[in-house]
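Note sheet for the following structure.
The values are calculated or read from the model by the stated rules, or taken from the named source; none is laboratory data. This structure is a prediction, so every number in the text was calculated from the model and none was measured. Cβ atoms come from the backbone with ideal geometry, glycine included; neighbour counts cover every protein chain shown. Each accessible area value is taken on the protein alone, full model and side chains, heavy atoms only, with ligands, DNA and RNA left out. Shrake-Rupley method; radii C 1.70, N 1.55, O 1.52, S 1.80 Å.
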Amino acid sequence: MKLYGYWRSSTSYRLRCALEVKGLAYEQSPVSLVEGRQKAPEFTARNPFGGVPMLEADGRDRAQSMAIIEWLDERYPERPLLPADLEQRYTARELTYAIATELHAPLNLKVLKYLKDPLGHEQDEVDTWYRHWLGTVLRPLETMLERQGTGDFLFDAPGLFECVLVPQLYNARRFDYDLSASPRITRIEAACLALPEFQRAHPDNQPDAG
C-alpha cells in the first residue's frame, strides 16, 4: 500500500493512525499542500477530489479518509477498529462521525484560506472561527465520554474513535484551543500518544515534516 498524504493534514494523520493500529505496512509519498501539489493535474487525474489522503491499494486509488479506514477494517479484519458489540460499535461511530463530519468541513484548510482570501479576515479572526467550531463538538463530546465512564480509551483498546480524535486535538493545540475543561478527551489523547503506533503516526515523525 502507498499512502499519499501531508504530514500535518488531520485526515492523513487519522489514516496513518488506523494503518498503524491495524499493524499494516505502507509506503509514504508526501504531497505538499503548501505547494498545492494536491491540485496538480497528475494528481487530480488519479484523485478528482484534489485532496489528501489517497491510498493506493489492491489495484486502485482510494480517496476520502473515513471511507478508506472503513475499507481497511473490512479488508483486513485482524485488529478491528470497531468493537464486536453492536451498541458499542454504534457509540464509536456516533462519536467519531461527530468529529469527522461536523468539524472537518468548517475547519478544512481550504475553508480557512478562503476566510483570509478572498473574504479578507485577519489571522486572529480565522483562529477565533476555528476555536468556536471546535467547541461546538468537543464540549458535547466530553459530556458523552463522561456518560460512558471512559478511561484511557473509549472502550478496551484504541480504535476508530481514537484514530480520528487524536489528530483533531493536534490541530486544536495548534490553534490554542483551551482543553482544560476536557479531562476525558485529554486522558484518551495522552494514553494514545504513549503508544508506539500513535507515535509513528504523529506529524513530527513523518518524512515531510518541517
Matching entry among Thr143, Thr186, Thr150 (being out of contact with any Cys (no Cβ under 8 Å at 6 or more places or on another chain), open to solvent by less than 20 Å² (accessible area, probe 1.4 Å) and either of a type in the set (Ser, Thr, Tyr) or assigned by the TED database to the domain that holds Leu19 (or both)): Thr150
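Are there helices (runs of 4 or more DSSP H) fully within the stretch 64-109 with at least 2 residues that are over 16 Å from the mean Cα position of the chain (by Cα)? List them.
In the stretch 64-109, 65-75, 86-102 are the helices (runs of 4 or more DSSP H) which contain 2 or more residues that are over 16 Å from the mean Cα position of the chain (by Cα).
Quick grid of which residues meet (1) out of contact with any Leu (no Cβ under 6 Å at 6 or more places or on another chain); (2) within 21 Å of Tyr6 (Cβ to Cβ):
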site: Ala157; (1), (2): yes, no
site: Leu160; (1), (2): no, no
site: Val166; (1), (2): yes, yes
site: Leu169; (1), (2): yes, yes
site: Phe175; (1), (2): yes, yes
site: Asp178; (1), (2): yes, no
Filter result (surrounded by fewer than 18 Cβ atoms within 10 Å (Cβ to Cβ) and either over 19 Å from Pro80 (Cβ atoms) or among the aromatic types (Phe, Trp, Tyr) (or both)) within the stretch 153-169: Phe153
Identity of the residue in the stretch 1-48, assigned to a helix (DSSP H, G or I) and without any contact (Cβ under 8 Å) to a residue 12 or more places away in the chain, that ends up surrounded by the most Cβ atoms within 10 Å (Cβ to Cβ): Arg37
Number of positions in the stretch 152-181 that are of a type in the set (S, T, N, Q) and either part of a helix (DSSP H, G or I) or touching a Gly at 6+ places or on another chain (Cβ under 6 Å) (or both): 2
Residue match in the stretch 190-209 (condition: open to solvent by 50 Å² or more (accessible area, probe 1.4 Å) and touching a His at 6+ places or on another chain (Cβ under 9 Å)): yes
Filter result (among the acidic types (Asp, Glu) and open to solvent by 50 Å² or more (accessible area, probe 1.4 Å)) within the stretch 104-140: Asp117, Glu122, Asp124, Glu125
Residue count for the stretch 26-69, restricted to those that are in contact with a Ser or Thr (Cβ under 9 Å, 6 or more places away or on another chain) and among the polar types (S, T, N, Q): 3
